[in-house]
1. Quick check: residue separation of LYS110 and ASN183 times 0.36 nm, minus the Cα distance between them. What number comes out in nm?
2. I'd like to check one number: the per residue accessible area of region 6-56, probe 1.4 Å, reported in Å² as a whole number.
3. So what are the ³J(HN,Hα) numbers for region 281-291, from phi and the Karplus equation (6.51, -1.76, 1.60; θ = phi - 60°), rounded to whole Hz, Gly and Pro as x?
4. Ranked highest first by the average count of other Cβ atoms within 10 Å around their residues, in what order do 189-198, 285-294 fall?
5. Hey, with R₀ at 25 Å, roughly what FRET efficiency would ASP324 and LYS265 work out to, going by the Cβ-Cβ distance, to 0.05?
6. In nanometres, what is the gap between the two model label sites at ARG295 and VAL224, each 7 Å from Cα along Cα-to-Cβ?
7. From the cross-link list LYS118/LYS265; LYS69/LYS265; LYS192/LYS292; LYS110/LYS184, which pairs have alpha carbons spaced over 31 Å apart?
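The values are calculated or read from the model by the stated rules, or taken from the named source; none is laboratory data. All values derive from a computational prediction rather than experimental measurement. Cβ atoms come from the backbone with ideal geometry, glycine included; neighbour counts cover every protein chain shown. Only protein heavy atoms, including side chains, enter the accessible area calculation; ligands, DNA and RNA are left aside. Shrake-Rupley method; radii C 1.70, N 1.55, O 1.52, S 1.80 Å.
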Amino acid sequence: MYSTCLFCNSALGTNEIIEHFPVGRRLAFDGASGRLWVVCRTCERWNLSPLETRWEAIEEAERAFRDTKLRTSTDNIGLARLREGTELVRIGRPLRPEFAAWRYGDQFGKRQRRFVAKTVSGIGALSALPFIIGGERIVQIMSIGPLAGVIMLSGAGTVIAGAAGVVSGWRQSRIPIATVRGNKGELLSLTKTNAGRVSISPAGHAFDWQVKLQHVVMYQAGSVARFFGIRQVGYGAETVVLRCEAARRALATILPHTNQSGGSKRAVDDALAVLGDAPNVQYLMHLAATTKSDRQPKSMVGETLLGLLPSSLRLALEMSLHEDDERRAMEGELKELEQRWREADAIAKIADAMFLPAKVDETLNLLKATEPDNETHA
């Protein structure tokens, strides 16, 4: 039983209601198509379950949905909150815009709120400088002279902002935020800086396309980073060009970071309009690869940075790749989906270990070393 989000590697939580599927605090199910999703409460993305027990779980979810009185429904979609806090989303036969509003509205809306909150908090931190310094100290500084006081306060603000910028820049260029597979299946770690430089371009003929990205090589962190619980950091920038399935899967992982600012209901509607005009995923990818921007660096001839694509096209690409994954799974490629769940669990464990103090490893190794002795004495 997998318990980690396929997309952000966060824990999905548990429930005590669905005996055949005790994973997740929000479950979405479609009895007609036999689909069961776990909605990640961190990134709001829908994780399709590849488990063979999903039919029994769907039947349990249907009964629980009908038995609860705390529910709201339209003709096609219903939401029920159970007494122990688990939420059930029941999918009937919705039109695509209605289904997308439920499915992607929370995702992009939550990202937008989080992005705005981070921006405001950054501005607020500088605005709080007088409170950090203290009123009495400000009076002392201003007593030197109005001009000198303003210069000193401005200098303090500049130093604090500069220090925060240095730390933020270091994290963006050294700490991985995503892991993708290369053309040969190798793991590639991408920092926020790397994710911002991913480009897409035409490849070969017709609607072929490819993804170009930079990734970092992971090394043991220095003493300062280890003091803050960071055990591995990335250095260097190796460039690779991904094609075919590797490019598609990498793009599905990277786009949520490119679309970190999310989008409003109107943005989702605009993306749906783009999606509705596209006959398939391949067409959308070719459209993205051939879209030009005035802000594109002149050195990147024939390439298009993902971040410079129109927001409606970026959101449509993310939706399309997500749905394409599920279509493949429902057509019988469940083994690949199960492998992705295993990878998500493994990557989550690696990510957790990166930020554990070294003392934890020493203690675990010590306990492991003493286990045989304990068994012998017993």
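1. Contour length minus the Cα-Cα distance gives 23.0 nm.
2. Accessible surface, normalised per residue, equals 40 Å².
3. Computed from phi, the couplings for region 281-291 are 5, 4, 5, 4, 5, 5, 4, 5, 5, 9, 7 Hz.
4. 189-198, 285-294
5. 0.60
6. Between ARG295 and VAL224, the label points sit 3.1 nm apart.
7. With Cα atoms farther than 31 Å apart: LYS110/LYS184.
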